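Since the structure comes first, as structure tokens, the remarks are kept for the end.
The values are calculated or read from the model by the stated rules, or taken from the named source; none is laboratory data. Please read all numbers here as calculations on a predicted model, not as lab measurements. So basically every Cβ, Gly included, is an ideal-geometry build from the backbone, and we count neighbours across all protein chains shown. In case anyone asks, the SASA skips ligands and DNA or RNA and just uses the protein heavy atoms, side chains included. Shrake-Rupley method; radii C 1.70, N 1.55, O 1.52, S 1.80 Å.
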Amino acid sequence: MGKHRILILGGTAEARQLAAALALRPDCESLLSLAGRTAEPMAQPVPTRSGGFGGSGGLADFLKVENFDLLIDATHPFAARISHNATIAAQQTAIPFFALRRSAWKQEPGDHWTRVRSVTDAVEALGTTPKRVFLAIGRQEAFHFESAPQHSYLIRSVDPVTPRLDIPHAQYMLATGPFEETAERALLIENRIEVIVAKNSGGTATYGKVAAARALGIAVIMVERQQPADVRTVETVKDALGLVDHLFSPMKRGV
Ligand code: NAP
């Protein structure tokens, strides 16, 4: 019998960990798909492909032409477009499909969160009074803050923000997580940060700033995820492996 072919949509630590675990299974053959945005992507434990598919139709074609048996969406919780495309492509092709999405952070005692639905709502939530803001939402949506030029921004991203924002007070720093709480605390103090804008990504790698904000009594504007509708979802790599087992168990073959 041939190997089960699995397409993993990645760009996250969980996708990399899942690929590594699946690489140990002699009955599976995985391909990890990356968007191709990061200039120096991390080494991956399985073969990779890079770049968009050309929408849900392109992804559906790719799944069929390459004879995949399973599609796993292990992209970042805020990568909404590819997740939407994956849902449609799975429906079109009737290929088994599930999402691996780490759970969101929950507000704890001592947290001063303002929860918003989008980055544009986060801009509004900053208010009109000038503040010192730590922008930790990645580079792609940083441009929204050009409409609030009264604030001073410290903008951290993995790759450079290009073009630079058309605002008078912005400082840029390049860094790749994980970010520990102690270092985050020092960063917040050193830059006299009054408010953090963050995405509720979940996981441990970027939680340091949230814990540091709690310890220092700093406000956080938390952009919440918009949950995709009706997608079978697991929250851990362990559960994803269990579901792969279940889907490829002899009883299920041919489904
Ligand atoms: P997005 O807005 O949901 O996707 C935009 C387009 O990029 C998609 O329509 C697709 O192009 C292509 N694409 C995205 N992920 C892909 C993948 N894994 N393989 C192949 N094509 C992909 O995504 P995004 O927010 O720009 O994120 C891009 C990548 O960075 C994702 O892989 C995600 O896991 C990772 N990431 C995102 C964030 C974040 O905050 N958004 C944070 C960390 C990592 P086509 O329509 O042409 O197929």
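Within the span defined as the range 247-254, one or more residues are open to solvent by less than 40 Å² (accessible area, probe 1.4 Å), of a type in the set (Phe, Trp, Tyr) and more than 25 Å from the chain's Cα centre (by Cα). Based on what the data block shows, is residue 160 away from the ligand (no atom under 16 Å from the Cβ), at pLDDT 95 or above, more than 21 Å from residue 80 (Cα to Cα) and in a loop (DSSP other than H, G, I, E, B)? So residue 160 does not fit the description; no. Report the residue count in the range 1-12 for those that are open to solvent by 40 Å² or more (accessible area, probe 1.4 Å) and in contact (Cβ under 8 Å) with a residue 40 or more places away in the chain. Looking only at that region, the number is 2. Could you tell me which numbered condition residue 233 fails, if it satisfies all but one of (1) under 27 Å from residue 83 (Cβ atoms); (2) out of contact with any strand residue (DSSP E or B) (no Cβ under 9 Å at 6 or more places or on another chain); (3) open to solvent by 60 Å² or more (accessible area, probe 1.4 Å)? The number of the failed condition is (2). Pairs linking a residue in the range 130-156 that is on the phi > 0 side of the Ramachandran plot to a residue that is basic (Lys, Arg) and within 16 Å of the ligand (Cβ to nearest atom), with Cβ atoms under 8 Å and 6 or more positions apart or on different chains, are 138/199. Restricting attention to the range 43-58, the residues that are in contact with a Phe, Trp or Tyr (Cβ under 6 Å, 6 or more places away or on another chain) and closer than 24 Å to residue 246 by Cα add up to 0. The residues in the range 188-210 that are surrounded by fewer than 19 Cβ atoms within 10 Å (Cβ to Cβ) and either more than 16 Å from the ligand (Cβ to nearest atom) or acidic (Asp, Glu) (or both) can be counted, and the count is 5. Out of all the residues in the range 91-122, which are within 14 Å of the ligand (Cβ to nearest atom) and open to solvent by less than 10 Å² (accessible area, probe 1.4 Å)? 99, 100, 119, 122 - these are the residues of the range 91-122 that are within 14 Å of the ligand (Cβ to nearest atom) and open to solvent by less than 10 Å² (accessible area, probe 1.4 Å).
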